[in-house]
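The values are calculated or read from the model by the stated rules, or taken from the named source; none is laboratory data. In this text, all values refer to a predicted model and were calculated from it rather than measured experimentally. Cβ placement follows ideal geometry from the backbone for every residue including glycine, while neighbour counts extend to all protein chains displayed. Accessible surface is based on the protein model in full, side chains and every heavy atom, while ligands, DNA and RNA are left aside. Shrake-Rupley method; radii C 1.70, N 1.55, O 1.52, S 1.80 Å.
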Amino acid sequence: MLILASASPRRRELLERFGREFIIDPAVEPENPPADATPSETVAALAAAKAREVAARRPGDVVIGADTIVSLDGVILGKPADAEEASRMLHALSGRAHRVYTGVAVARDGELLTGVEMTRVCFRPLTDAEIDAYIATGEPLDKAGAYGYQGLAGLFVERIEGDYFSVVGLPLCRLGRMLQSLGVTLL
């Protein structure tokens, strides 16, 4: 059985596209990023921890773990605690390029594969009114970097360089290759 170790609706929606049966069994352990790790090392470690945790309780199943972070000038922007923090993040991202890192891990019976995709995202300059209106929708409050590219914040993105699906939270091409190496296909 294929298991998604995430409660993310975006990751669920991406996997559902393949019409393949899977179960959602989110990791529940607290996320403890490694100290002094780079953004790439952080997402790889967090995705691996999620996949290992769920795989330990689901022997024989193939477990997918993932984690996404936004990095601006080397500083990780997690999920904002409140509207004020979301506003600060969006003002910082306005008119600038930043990086989105998504780590993905696939685990089965002690075997673990990990990978990371980095995508450069360029925001157009945003007005205070646009930021306030976006925050009022509630969308940015549960997303790394205070925005969801696949949602309303798509209005802010001038261009990306890299994997769109990685920005949404699950790099499908990389995941497909990892699953194939375990003899699992999505098609």
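Here is how the numbers come out for the structure above:
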{"item": "Looking only at region 155-183, and only at residues there that are touching a helix residue (DSSP H, G or I) at 6+ places or on another chain (Cβ under 9 Å) and not in a helix (DSSP H, G or I), the one that is nearest to Leu126 (Cα to Cα)", "result": "Phe156"}
{"item": "Among (1) open to solvent by less than 40 Å² (accessible area, probe 1.4 Å); (2) in contact with a strand residue (DSSP E or B) (Cβ under 6 Å, 6 or more places away or on another chain) - the single one Arg58 does not satisfy", "result": "(1)"}
{"item": "Subset of region 83-110 [open to solvent by 10 Å² or more (accessible area, probe 1.4 Å) and touching a strand residue (DSSP E or B) at 6+ places or on another chain (Cβ under 8 Å)]", "result": "Met89, Ala92, Ser94, Gly95, Arg96, Ala97, Arg99, Tyr101, Arg108"}
{"item": "Candidate set from region 150-171 (those that are open to solvent by 20 Å² or more (accessible area, probe 1.4 Å) and in contact (Cβ under 8 Å) with a residue 40 or more places away in the chain); member that is nearest to Leu2 (Cα to Cα)", "result": "Phe165"}
{"item": "Residue among Pro26, Pro80 that alone is buried (at least 19 other Cβ atoms within 10 Å of the Cβ), part of a loop (DSSP other than H, G, I, E, B) and at pLDDT 95 or above", "result": "Pro80"}
{"item": "When residues of region 122-158 are limited to those that are of a type in the set (D, E, K, R) and more than 18 Å from the chain's Cα centre (by Cα), the one nearest to Ala105 (Cα to Cα)", "result": "Glu158"}
{"item": "Region 132-148, residues that are surrounded by fewer than 21 Cβ atoms within 10 Å (Cβ to Cβ) and not in a helix (DSSP H, G or I)", "result": "Thr137, Gly138, Gly148"}
{"item": "Residues within region 60-77 that are β-branched (Val, Ile, Thr), within 13 Å of Lys143 (Cα to Cα) and either over 12 Å from the mean Cα position of the chain (by Cα) or assigned to a helix (DSSP H, G or I) (or both), tallied", "result": "1"}
